[in-house]
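> What follows is a single structure, and I will ask about it in a moment.
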Amino acid sequence: MPELPEVEVAARQLRSWLSGRRIVAAHAARSRVIRGQAPQRFASLAGRRLAGIERVGKWLLLSFDGGEGLISHLGMTGKWIRRRKGAAPPPHVRATLELEGGQAVDYRDPRLFGRLVRGSVDELRRFPSWRALGPDPLAGIDAARLHAALARTKRSLKEALMDQRTLAGLGNIHVSEALHRAKLDPRRPASTMTPHESRRLADAIRDGLRYALALEDGPEPVAYVEEGGENRFLVYDHAGEPCPSCGTPIARIVQGGRSTYFCPRCQPRWRGRVNRAKARAR
Ligand SMILES: [Zn+2]
């Protein structure tokens, strides 16, 4: 499932594919991806040029000249792909931007969990899922803000970090990876973190995202693990395999209906060892 690094790569690709090329035709099929919107709203992108792309977490906001916009979320299986002039569209294409010069950019989504939302940029900025997003961690994480967000929830660290209001863009992969890098128990109540541990977690999130982005940003981006791509993560989807640090078999548990992967030795069960006075002193 695409998380922040894949969406960042999609943003970079769309910028390079769309910049300087006028859209000559646009269409979207009626599908769950566009929900109840009229396909005509997509057709009205014809004649426009890309003005910019903003990414917050897993969401993209494309702006075109004239103040028109398009929100994109890749859901589980969405992908923007470029098609050569004259080539037939692949299966499962839900929307297409045809460009001057004969190339086309397709939005492909076999399982239809993605979203495309048309509107003016002003309207789209008020779109509830966009407005609700917390800060994007790629440019840097405010560890004090992260600590404050974790301090006010009763949820586990895993579930608190999956919440897009805490930080935007982390999913099952990058939460497992960050908690492993920070040597934190995913089951631990988020509110018990010390400021020092929150700082360590912020660094671990940054390192995991940068590592994945470096892998993704090659000429041939790594396929999603679910699609048979090579798994180069530390713990994600490695249940039963040796921990890269200590060799202990990686454990898999389910939290909030989703798998969590961790090393029981490097990320030992949190038992409330840190008392409040000690936490304040750190
Ligand atoms: Zn380990």
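The values are calculated or read from the model by the stated rules, or taken from the named source; none is laboratory data. These numbers come from a predicted model, not from an experiment. Every residue, glycine as well, gets a Cβ built from its backbone with ideal geometry; the counts of neighbours run over all protein chains shown. When the accessible area is computed, the model is the full protein with side chains, heavy atoms only, and any ligands, DNA or RNA have been set aside. Shrake-Rupley method; radii C 1.70, N 1.55, O 1.52, S 1.80 Å.
> Got a sec? Which of ALA104, ALA28 is among the small types (Gly, Ala, Ser) and touching a Pro at 6+ places or on another chain (Cβ under 6 Å)?
After applying the criteria, what remains is ALA28.
> With more than 20 Å from ALA190 (Cβ to Cβ), more than 11 Å from the ligand (Cβ to nearest atom), part of a loop (DSSP other than H, G, I, E, B) and modelled with pLDDT of 95 or more as the only criterion, which of GLY229, GLY247, GLY240, GLY218 stands out?
Details: GLY229 fails: modelled with pLDDT of 95 or more; GLY247 fails: more than 11 Å from the ligand (Cβ to nearest atom); GLY218 fails: modelled with pLDDT of 95 or more.
Residue meeting the stated conditions: GLY240.
> Name the residue that is most open to solvent (accessible area, probe 1.4 Å), counting only residues in region 254-274 that are among the hydrophobic types (A, V, I, L, M, F, W, C) and in a strand (DSSP E or B).
Here is the first cut: in region 254-274, the ones among the hydrophobic types (A, V, I, L, M, F, W, C) are 254, 262-263, 266, 270, 274.
Those still in the list that are in a strand (DSSP E or B) too: 254, 262.
On the way: VAL254: 90, PHE262: 7 Å².
So, considering only residues that are among the hydrophobic types (A, V, I, L, M, F, W, C) and in a strand (DSSP E or B), the one most open to solvent (accessible area, probe 1.4 Å) is VAL254.
> Starting from region 58-72, keep only residues that are within 21 Å of MET162 (Cβ to Cβ) and touching a residue at least 60 places away in the same chain (Cβ under 8 Å), then list their pairs with residues that are open to solvent by 30 Å² or more (accessible area, probe 1.4 Å) and of a type in the set (Ser, Thr, Tyr) whose Cβ atoms are within a distance under 7 Å, requiring at least 6 positions of separation or different chains.
As it stands, the answer is TRP59/SER129, since those pairs meet every condition given.
> List the number of the failed condition for PRO89; all other conditions in (1) part of a strand (DSSP E or B); (2) exposed (fewer than 15 other Cβ atoms within 10 Å of the Cβ); (3) not β-branched (Val, Ile, Thr) hold.
Among (1) part of a strand (DSSP E or B); (2) exposed (fewer than 15 other Cβ atoms within 10 Å of the Cβ); (3) not β-branched (Val, Ile, Thr), the lone unmet condition for PRO89 is (1).
> Out of curiosity, is HIS174 assigned to a helix (DSSP H, G or I) and under 18 Å from SER259 (Cβ atoms)? Break it down into steps so the answer makes sense when it comes.
Numbers: assigned to a helix (DSSP H, G or I): yes; under 18 Å from SER259 (Cβ atoms): yes.
So HIS174 fits the description; yes.
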